[in-house]
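Please read the structure below before turning to the comments.
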Amino acid sequence: MATSTPQVPIEESVDETAGRYILRLYVAGMTSRSTRAVENVRAFCEKHLEGRYDLQVIDVYQQPALARSEQLIAAPTLIKKLPLPLRRLIGDMSNEDRILVGLDLVPRK
C-alpha cells in the first residue's frame, strides 16, 4: 500500500515564504470598524514589513466557510499564518504596539 505525504499549499511553503509574513484579515462587511482595520493593517505592513508580507482580506459574509475553518469568534481578526507561531489579533488594529508584539516583531515585555 502506497502512502503519500500531504502537500503543503504553495502560499504557505517554507521555501517560498522564508522571511515573509503571511497575514489574513477577516472583516465583517464594509462597516466603519472593518474599513478602519483594513486601513490600519495595510499602513502597518507598509511601515514595518515593506516588501515582506502577503495580506489577504476576507469578508466573513462573502466567504463564511473560511471563517468557520478558522473558528473565528469576532471580526475584525488578523491571523498571522507565517512565520510560526500562529497568532490572532482582534479589533480595529489601531494599537501599533499591540500589533508589533502580536506579530512577534518586538519581544513581549
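The values are calculated or read from the model by the stated rules, or taken from the named source; none is laboratory data. Keep in mind that this is a model prediction, so the values were computed, not measured. Reconstructed Cβ throughout: ideal geometry from the backbone, glycine too, with neighbour counts over all protein chains shown.
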Could you list, in sequence order, all residues of segment 73-82 that are surrounded by fewer than 19 Cβ atoms within 10 Å (Cβ to Cβ) and in a loop (DSSP other than H, G, I, E, B)?
-> 73, 74
In segment 52-72, how many are in contact (Cβ under 8 Å) with a residue 40 or more places away in the chain and over 12 Å from the mean Cα position of the chain (by Cα)?
-> 3
Test: residue in segment 25-44 that is surrounded by fewer than 16 Cβ atoms within 10 Å (Cβ to Cβ), under 12 Å from the mean Cα position of the chain (by Cα) and either touching a residue at least 12 places away in the same chain (Cβ under 8 Å) or part of a strand (DSSP E or B) (or both) = yes
Any idea which of (1) surrounded by 11 or more Cβ atoms within 10 Å (Cβ to Cβ); (2) at pLDDT 95 or above is the one residue 62 doesn't satisfy?
-> (1)
Matching entry among 46, 39 (being modelled with pLDDT of 95 or more and more than 21 Å from residue 82 (Cβ to Cβ)) = 39
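Would you mention how many residues in segment 56-72 are part of a loop (DSSP other than H, G, I, E, B) and either of a type in the set (Lys, Arg) or farther than 15 Å from residue 25 by Cβ (or both)?
Adding up the residues that qualify gives 1.
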Determine the pairs where a residue that is free of Cβ contacts under 8 Å to residues at least 40 places away in the same chain and closer than 14 Å to residue 42 by Cα, located within segment 75-87, has a partner that is assigned to a strand (DSSP E or B) and among the small types (Gly, Ala, Ser) with Cβ atoms under 8 Å apart, the partner being 6 or more residues away or on another chain.
-> none
Output yes when any residue across segment 46-58 is among the acidic types (Asp, Glu) and closer than 18 Å to residue 102 by Cβ, and no when none is.
-> yes
